[in-house]
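First comes the structure, then the notes that go with it.
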Amino acid sequence: MSVSQSDVKYIAGLAKLKFEDSEIDSLTEQLNSILFYIDKLNQLDTSDVEPLSYPVEIELNMRDDILKASVSRKEALSNAPDSNDEYFKVPKVIG
């Protein structure tokens, strides 16, 4: 599959992009190069390759879940511009 200059102009129009004619030539070459590379990848036999969610195996280093004291409700509400004993008061946004 190859891309023509009219294809590039059409795609640019869909993306609401404007290019000079020299840029259209360059983009046509670049897109054709990308498609050529993808075609080469499609020719590879991947029947024995398991699907991956990441190309590199990663292991998350997570810290231990340690229970600590939290801010009390009274302390959290003490800095609020408007509150009652249990909640932050905010302006109504939905009618």
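The values are calculated or read from the model by the stated rules, or taken from the named source; none is laboratory data. Quantities reported herein were computed from a predicted structural model and do not represent experimental measurements. Note: ideal-geometry Cβ built from the backbone for every residue, glycine included; neighbour counts use all protein chains shown.
The table that follows gives values for the structure above.
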{"item": "So Asn79, is it of a type outside the set (Ser, Thr, Tyr) and either over 29 Å from the mean Cα position of the chain (by Cα) or closer than 30 Å to Met1 by Cβ (or both)", "result": "yes"}
{"item": "Residues within the stretch 60-81 that are surrounded by 10 or more Cβ atoms within 10 Å (Cβ to Cβ) and assigned to a loop (DSSP other than H, G, I, E, B), tallied", "result": "1"}
{"item": "Close pairs (7 angstrom Cβ cut-off, 6 or more residues apart or separate chains): at negative phi in the stretch 1-13, surrounded by 11 or more Cβ atoms within 10 Å (Cβ to Cβ) and in a loop (DSSP other than H, G, I, E, B) anywhere", "result": "Ala12/Phe19"}
{"item": "Residues satisfying the stated conditions in the stretch 1-25, i.e. loosely packed, with under 13 Cβ neighbours inside 10 Å and of a type in the set (Gly, Ala, Ser)", "result": "Ser2, Ser4, Ser6, Gly13, Ala15, Ser22"}
{"item": "Output for the stretch 83-95, where each listed residue is surrounded by 10 or more Cβ atoms within 10 Å (Cβ to Cβ) and part of a loop (DSSP other than H, G, I, E, B)", "result": "Tyr87, Lys89, Val90"}
{"item": "The stretch 1-57: number of residues that are under 24 Å from the mean Cα position of the chain (by Cα), among the aliphatic types (A, V, I, L, M) and not in a helix (DSSP H, G or I)", "result": "4"}
{"item": "Some residue of the stretch 34-45 being at pLDDT 90 or above and touching a helix residue (DSSP H, G or I) at 6+ places or on another chain (Cβ under 6 Å)", "result": "no"}
